[in-house]
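Below: the structure, in structure tokens.
The values are calculated or read from the model by the stated rules, or taken from the named source; none is laboratory data. Note that the coordinates shown come from a computational prediction; the quantities given were computed from them, not determined experimentally. All Cβ positions, even for glycine, are placed from backbone atoms using ideal geometry, and neighbour counts span all protein chains on display. Areas reflect the complete protein model, heavy atoms only, side chains present, ligands, DNA and RNA absent. Shrake-Rupley method; radii C 1.70, N 1.55, O 1.52, S 1.80 Å.
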Amino acid sequence: MTQDYSPLFLSLKVAGISTVIVFFTGVFLARLFSRKQFFGKSVIEALITLPLVLPPTVVGFGLLLLFGKNGWIGKWLLEWFQIQVVFSWVGAVIASIVVSFPLMYQSAVAAMESIDHRLEKVAYTMGASKWRTFWTISFPLAWPGLLAGLVLSFARGLGEFGATLMLAGNIPGKTDTIPIAIYFAVEAGNMEKATFWVMIIVALGFSAIMWLNWWNKRSFRYQTRQK
Amino acid sequence: MLSVKIRKQLTQFQLDIQFEVNQEILVLFGPSGSGKTTILNCISGLITPDTGQIQFNDQLFFQDGLRSLPPQERHIGYLFQDYALFPHMNVYKNITYGIKAKKKAISDSRLPSLIQVLKINHLLSKYPHQISGGEKQRVALARALATEPSILLLDEPLSALDQQTRLECQDELLRLHQIWEIPFIIVTHDIHEAKKLGDVILFLEKGKIIQEERSEKIGHSSLIKRIH
């Protein structure tokens, strides 16, 4: 029997796109929130982190309410841009964004807070704009923490199941990511197919964590290198 | 001339000071938490006073009610306590960070002679964690002066150094001041250092100037100028 590899490509596409979106919005919000205190900040942060503790079915239910054909955002997207979120790979991307965003945001806040703020002030006194200071000082110094968030978000996006199933469903070749393919293979009694995808996803997750550990050790060596 | 007349409410007390400084070394002396660093931060534009005015020659840095000039436009060199060198850049990149239009500007600037005077030629390719405390201090000085500022602020520049290096660096600061001829404002809580470096010493306590002392060095240096 020839193996259909579409779940692999779909998973990589969904996790890849959601990671890019989550990375930029996470870094932007973290930079904005890590230095400022304002009314309602803790409520916003709690809302951002909520998907981390909620059951995936609850997240999926909430997303259905928002992005369903009659949902607030879903209706608007369909009318104005002819984009249907439910039962499409776009739905899988949205589910992936929502569940992986807390990981990216928390990593980015920790990374931004760990920077010595005086370094940014030095840059200002040397004539650097806020934009230049961010790209040349804050971003490179926060990069190890941001990279950890990036890898965790990608891995989380790759493994997303519950919310994706509720929002995007299981349409072979269209919305069946690896976790969904595993679930339905087991349900259909196709253990061979399930084992194959389990091995693929374990290998992907394992490689991501191994690479992250290696990279961290490498940068640690660099930091402590003696003269 | 830099003239500073500012008020700022801090947690423990109100900072309320007024002074003027020409092309001389002004030392802000006082115990920790007396508002010394806050004064430097106000002058550099990193924080804004509540009221008052900061003016350098005919350039208004700050006046209440008007827009405060951002630090990027004040043209001030600031040497932070513990130097705050950029850890991910080598010494050369640290020093040239503030120089725009790099190559031409560097060859035309006073940077090559500055590197020479501060004896940091051999350090240019090294990273901050690879150099000693005294070397870091010299690099930070070079970085603060590389943009050819109109004023140099130094926040406890020698506090992290051992006694011997400290004495050497004090002489270096005096030498640099003679070459550069701009106002230096130095924060310290070492009275010997204050007396050795300062043309004017302002004694601070809880945000107020409690005493002002003009060193004999002033008479000495103006005498030298008159002779020349």
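Here are a few things to note about the model shown:
- Average accessible surface for the protein assembly as shown: 51 Å² per residue, computed with a 1.4 Å probe over protein heavy atoms with every protein chain in place.
- Percentage of interatomic Cα-Cα distances in chain B larger than 21 Å: 56 percent
- Our note on the geometry: Cα centres of the range A:8-53 and the range B:122-200, 43 Å apart.
- Placing R0 at 35 angstrom, the Cβ-Cβ distance between B:HIS192 and B:HIS129 gives a FRET efficiency of 0.70 after rounding to 0.05.
- At an R0 of 41 angstrom, the distance between the Cβ atoms of B:GLN211 and A:ILE44 translates into a FRET efficiency of 0.25.
- Rolling a 1.4 angstrom probe over chain A with all protein chains present gives an accessible area of which 71% lies on carbon and sulfur atoms.
- Spin-label model, B:SER32/A:TRP72: points 7 Å from Cα along the beta carbon direction are separated by 5.1 nm.
- Buried on complex formation within the range A:119-151 (loss of at least 20 square angstrom of accessible surface versus the isolated chain, 1.4 Å probe, ligands and nucleic acids ignored): A:LEU119, A:LYS121, A:VAL122, A:TYR124, A:THR125, A:MET126, A:GLY127, A:ARG132, A:THR136, A:ILE137, A:LEU141.
- Chain B, relative contact order in percent, only Cα pairs under 8 angstrom and at least six apart counted: 29 percent
- Between the amide H of B:LEU79 and those of B:LEU153, B:LEU154, B:ASP155, distances stay under 5 Å, these residues lying 5 or more places away or on another chain, with hydrogens modeled in the peptide plane.
- The distance between label points at A:GLU192 and B:GLU73 comes to 7.4 nm (points 7 Å beyond Cα on the Cα→Cβ vector).
- Chain B, accessible surface, carbon-and-sulfur percent (1.4 angstrom probe): 49 percent
- Values of log10 I(q)/I(0), in the order q = 0.10, 0.16 Å⁻¹, for the range A:1-146 under a Debye, Cα-only, solvent-free model: -0.48, -0.97
- Interface B:A - total buried accessible surface [probe 1.4 Å, Å², rounded to 100]: 2200 Å²
- Couplings for the range A:166-172, taken from phi via the Karplus curve 6.51 cos²θ - 1.76 cosθ + 1.60 with θ = phi - 60°, read 5, 8, 9, x, 10, 10, x Hz in order; Gly and Pro are left as x.
- Calculated FRET value between A:THR25 and A:TRP135, using beta carbons and R₀ = 22 Å, to 0.05: 0.80
- With Rh defined as the Kirkwood radius, the inverse of the mean 1/r over Cα pairs, the Rg/Rh of the protein assembly as shown is 1.13.
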